[in-house]
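Student: After the structure tokens below, expect a handful of questions from me.
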Amino acid sequence: MSLLEARGLSKRFGGVRAVDHLDLALAEGDLLGLIGPNGAGKTTAFNLLSGFLAPDAGEIRLRGRSIVGLKPHRICQLGVARTFQIVRPFPRMTVLQNVEVGALARHAGTGAAVRVARAVVEQVGLGPKANAVASGLTMPERKRLELARALATEPAVLLLDEVMAGLNPTEIERMVVLLREIHAAGMSMLLIEHNMRAVMALSQRVVVLNFGSKIAEGAPAEVARHPKVVEAYLGEEYVDAAPAR
Amino acid sequence: MTWLGIAALGVLLALPAVVSSYVLTILIFIFFYAFLGQAWNVVGGYAGQLSVGHAAFLGVGAYASAVLAQEVGLSPWLGMFVGGALAGALGAVIGYLGFRFGLRGFYFVLLTVAFAEVCRIVVNNVEAVGGAVGFYITFTGDPRQFQFRDNRAWYYVTLVLMLAATGIVALIERRRFGVYLAAIREDESAAEALGVDTLRYKMLAMIVSSFLTGVGGTFYACYLLSLQPNAVFGIPLSVEIIIRPIVGGSGTLLGPILGSFILTPLAEVSRYYLGQGGWHGAHLIAYGVLLVAVVLFLPEGAYPRLVRLVRARKRA
């Protein structure tokens, strides 16, 4: 049984089919990349999976249990945590307090929640900034904070929406290392990412979306050579580079 | 900090022995408005849901306990909780309508104002509770009827009200409830994504806030002995309730108290001198100017600024 599974997931906005009969399956311990050109429906798919949008059709199951129609906070409590592409820190709270909010989803007492939050803050490398106010963080730090808050909810699945966007190559390298560590510790992840190097380096499998539909799925190297994917998105330059890896 | 608190409390306890009755009256209103500000602070400050209709809760609490005392003979000591419960129920209705249907920002403000106005108009037209003439309470001076002949007793009653509300807010602040309210204020969708049942916690905040405000209605009724619908349910009173925590620092524990110590004497003095000159209501203009100044120059309120000044001085 899949950990998280979507069948025939569809969402339209007016005449636009943002997500069109999408099937996705994530097994325990998977790290699945979700790629596609701008407007392909990746973030809409995340909003459907995390309950921020209601699908027009289709089914979403977490460990076999339907989570369609549940509110985002319930879905989080059941074990699906998401980050936002445009980071949304609680600006006037400290890094530690931000992460504490996530930890409170599993620990009702603030004492226990703060302990968990402190550990997660260390894990993502924000230890020295624990008591800094979130509004003063740099972009790479904000991305880490976004990740830390989601991790603190102790999810079964992490949905990461472009955690590398806006980072420079060195920072991306560090984020890849961090995500590898988290994955190695047993976390299942679904990763939306525009940075191809990062997706190819991290993912075991990649799903490619275009105009809301899945156009390819498979190992990163296979997908990169798939003619439909090349046509839709990657371009000649990348096809030449991919087999060399 | 603890010692400073204990010293401040000692001064407040000893004050009635040395100050005049007039000063005592001003202090009573400082405490009472600090209490109301603290009650508002739960939903307006911590949860960031701007209610500008809190007079409705005060009015419901005041009328409930006054009518029960006069017509049924229920002691206001019990009536204050009945009034609080009714105000809490009204808060739940307003909160549900606002939060369930996702009214944010100005739309929520309008909803709360509208409800307070509806209350004002309804009570103005219900003859059983005096209608537009108002409702009057017989003065007995009997402590069992929540009435005191000595201003010093009123002083301690309002001091206890203020401290109790502050204690409740301090408890909320340190628990999951308080952290969740702050998260909702800062970014509701992000809070929702982190497992916060935002509807539930906003409702709870509204109920706690309106309950406390309703409890305060009993003091209002028994101290002033007359209830006028246009005053008790009016927008000016709602503004009086919210302006102190905003000036002092909304969403902070001591903001409403500091705000009340700044504004209540100012209101009293300006009301007195401007009123004498025939400028009735001019203090409301002064409030408006002050509110604009606070929004421009002290958006987070006086208390957070004060804390930063003290810290900077310590470091220097």
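The values are calculated or read from the model by the stated rules, or taken from the named source; none is laboratory data. All figures in this text were calculated on a predicted structure; none of them were measured in a lab. Cβ placement follows ideal geometry from the backbone for every residue including glycine, while neighbour counts extend to all protein chains displayed. The protein model used for the area step is the full one, side chains on, heavy atoms only, and it has no ligands, DNA or RNA in it. Shrake-Rupley method; radii C 1.70, N 1.55, O 1.52, S 1.80 Å.
Student: Probe radius 1.4 Å, ligands and nucleic acids ignored: give me the carbon and sulfur share of the accessible area of chain A as a rounded percent.
Tutor: The value for chain A is 52 percent carbon and sulfur by accessible area.
Student: Quick one: accessible surface of A:HIS107, probe radius 1.4 Å, all protein chains present, in square angstrom to the nearest 10.
Tutor: About 50 Å², rounded to the nearest 10.
Student: Now for a different question. Determine the share of chain B's accessible area contributed by carbon and sulfur atoms, expressed in whole percent, with a 1.4 angstrom probe.
Tutor: Heavy-atom surface of chain B belonging to carbon and sulfur, 1.4 Å probe: 70 percent.
Student: Could you report the range B:19-234's accessible area per residue, 1.4 Å probe, as an integer in Å²?
Tutor: I get 37 Å² per residue for the range B:19-234.
Student: A follow-up question, please. Can you tell me which of A:54-60, B:24-30 comes out highest on packing, and rank the rest after it, using the mean Cβ neighbours within 10 Å?
Tutor: B:24-30, A:54-60
Student: Take B:THR25, project a point 7 Å from its Cα along the Cβ direction, then tell me which residues of the range B:258-274 have their backbone nitrogen under 12 Å from it.
Tutor: Under 12 Å, as judged by backbone N against the label point of B:THR25, lie B:268-269, B:272 of the range B:258-274.
Student: Something else about it: How many partner chain Cβ atoms sit within 10 Å of a residue's Cβ in peptide A:105-113, on average, as a whole number?
Tutor: Per residue, the number of nearby Cβ atoms from other chains is 2 on average.
Student: Cα to Cα, under 17 Å, and not fewer than 8 places away if on the same chain: which aspartates and glutamates meet these conditions relative to A:LYS71?
Tutor: Counting by Cα, and skipping residues close in sequence, A:LYS71 has these aspartates and glutamates nearby: A:ASP56, A:GLU59, B:ASP187, B:GLU188, B:GLU192, B:ASP197.
Student: Okay, next question. Could you give the length gained on full extension between B:TRP3 and B:LEU110, defined as 0.36 nm per residue of separation minus the Cα-Cα distance, in nm?
Tutor: Contour length minus the Cα-Cα distance gives 34.2 nm.
Student: What order do you get for B:90-101, B:127-138 when each peptide is scored by the mean count of other beta carbon atoms within 10 Å, highest first?
Tutor: Result, highest mean Cβ count within 10 Å first: B:90-101, B:127-138.
Student: A drop of at least 40 square angstrom in accessible area, chain alone versus all protein chains together, probe 1.4 Å. Which residues of the range A:47-77 meet that?
Tutor: Those residues are A:PHE52, A:HIS73.
Student: Specify the residue with the greatest mean-square fluctuation among A:ALA45, A:ALA150, A:ALA25, computed from a Gaussian network of chain A linking alpha-carbon atoms under 10 Å apart.
Tutor: A:ALA25
Student: For a test of the definition: using alpha carbon positions, the gyration tensor, and the 1.5 limit on a/c, classify the protein assembly as shown as rounded, prolate or oblate.
Tutor: In terms of gyration-tensor shape, prolate.
Student: Report the residues of the range A:175-210 in range of a label on A:ALA119: point 7 Å along Cα→C-beta, backbone N strictly under 15 Å from it.
Tutor: A:182, A:185-187, by backbone N distance to the label point.
Student: To check you understand DSSP bridge types, tell me what percent of the beta bridges within the protein assembly as shown (both residues inside) are antiparallel, rounded to 5.
Tutor: For the protein assembly as shown, the DSSP antiparallel bridge percentage is about 60.
Student: Here is a follow-up. Which of rounded, prolate or oblate describes the range B:105-186 when judged by the alpha-carbon gyration tensor and an a/c cut-off of 1.5?
Tutor: oblate
Student: If you don't mind, another one. If you take each beta carbon of peptide A:82-95 and count the beta carbons of other chains within 10 angstrom, what is the mean?
Tutor: Mean shielding by partner chains, rounded to a whole number: 3.
Student: Leaving out ligands, DNA and RNA but keeping every protein chain, what accessible area does A:SER66 have, in Å² rounded to the nearest 10, with a 1.4 Å probe?
Tutor: About 40 Å², ignoring ligands and nucleic acids.
Student: Same structure again: Given points 7 Å out from each Cα along the Cα-Cβ axis, report the A:ALA219 to B:ALA293 separation in nanometres with one decimal.
Tutor: Simple spin-label model gives 7.3 nm for this pair.
Student: Report the Cα centroid-to-centroid distance between the range B:83-147 and the range A:174-200 in angstrom, as an integer.
Tutor: For the range B:83-147 versus the range A:174-200, the Cα centre distance is 55 Å.
Student: To the nearest 0.05, how large is the calculated FRET efficiency for B:ARG149 and B:ILE121 if R₀ is 35 Å and r is the Cβ-Cβ distance?
Tutor: 0.45
Student: Show me B:252-262, B:73-83, A:154-164 ranked by packing, highest mean number of other Cβ atoms within 10 Å first.
Tutor: B:252-262, A:154-164, B:73-83
Student: Gaussian network model of chain A, Cα springs within a sub-10 Å range: biggest mean-square fluctuation belongs to which of A:LEU209, A:LEU78, A:LEU190?
Tutor: With Cα springs under 10 Å in chain A, the top fluctuation among A:LEU209, A:LEU78, A:LEU190 is at A:LEU78.
Student: On average, how much accessible surface per residue is there in the range A:85-150, in Å², for a 1.4 Å probe, leaving out ligands, DNA and RNA?
Tutor: 41
Student: Could you sort A:MET200, A:MET139 by accessible area so the largest value comes first, with the probe set to 1.4 Å?
Tutor: Greatest to least solvent exposure: A:MET139, A:MET200.
Student: Hey, another quick one. Which of B:SER270, B:SER65, B:SER210 moves the most in a Gaussian network model of chain B with Cα springs under 10 Å?
Tutor: Highest fluctuation of the listed residues: B:SER270.
Student: Hey, another quick one. Cα to Cα, under 19 Å, and not fewer than 8 places away if on the same chain: which lysines meet these conditions relative to A:LYS228?
Tutor: Output for A:LYS228: A:LYS42, A:LYS214.
Student: I'd like the Karplus ³J(HN,Hα) series for the range A:168-181: coefficients 6.51, -1.76, 1.60, θ = phi - 60°, whole numbers in Hz, and an x wherever there's a Gly or Pro.
Tutor: So the J values, rounded to whole Hz, are 7, x, 5, 5, 5, 4, 5, 5, 4, 4, 4, 5, 4, 4.
Student: So for the pair B:ARG311, A:ALA185, with labels modelled 7 Å out along Cα→Cβ, what separation do we get in nm?
Tutor: In this crude label model, B:ARG311 to A:ALA185 measures out at 2.9 nm.
Student: On full extension of the chain, what length is gained from A:ALA54 through A:ARG7, given 0.36 nm per residue of separation minus the C-alpha to C-alpha distance?
Tutor: 15.5 nm
Student: Let me ask something else about it. Estimate for me the total accessible surface buried between chains A and B (protein heavy atoms, probe 1.4 Å, no ligands or nucleic acids), in Å² to the nearest 100.
Tutor: Its buried surface, counting both partners, is about 1900 Å².
Student: In addition: Using the Cβ atoms and a cut-off under 15 Å, what net charge is assigned to the surroundings of B:PRO76, where Lys and Arg are +1 and Asp and Glu are -1?
Tutor: Around B:PRO76, the surrounding residues sum to -1.
Student: Can you pull the one-decimal nm distance between simple spin-label points at A:ARG174 and B:VAL72, each 7 Å off the Cα toward Cβ?
Tutor: Going by the 7 Å Cα→Cβ label model, 6.5 nm.
Student: Subtract the Cα-Cα distance of B:THR138 and B:ILE168 from 0.36 nm times their separation in residues, and report this length gain in nm to one decimal.
Tutor: Gain on stretching B:THR138 to B:ILE168: 7.6 nm.
Student: On to the next question. Can you give the mean number of other chain Cβ atoms that lie within 10 Å of the Cβ atoms in peptide B:175-188?
Tutor: Average neighbour count from other chains, rounded to a whole number: 5.
Student: Going by accessible area, probe 1.4 Å, with all protein chains left in place, what is the ranking of B:GLU186, B:GLU71, largest first?
Tutor: Most to least solvent-accessible, the answer reads B:GLU71, B:GLU186.
Student: Using only Cα atoms, locate the centre of the range B:1-67 and the centre of the range A:76-108, then give the distance between them in Å, rounded to an integer.
Tutor: With the range B:1-67 and the range A:76-108 each reduced to a Cα centre, they are spaced 34 Å.
Student: Taking a cut-off of 18 Å between Cα atoms, list the lysines near A:LYS143, but don't count ones fewer than 8 places away on the same chain.
Tutor: Qualifying lysines at Cα under 18 Å: A:LYS129.
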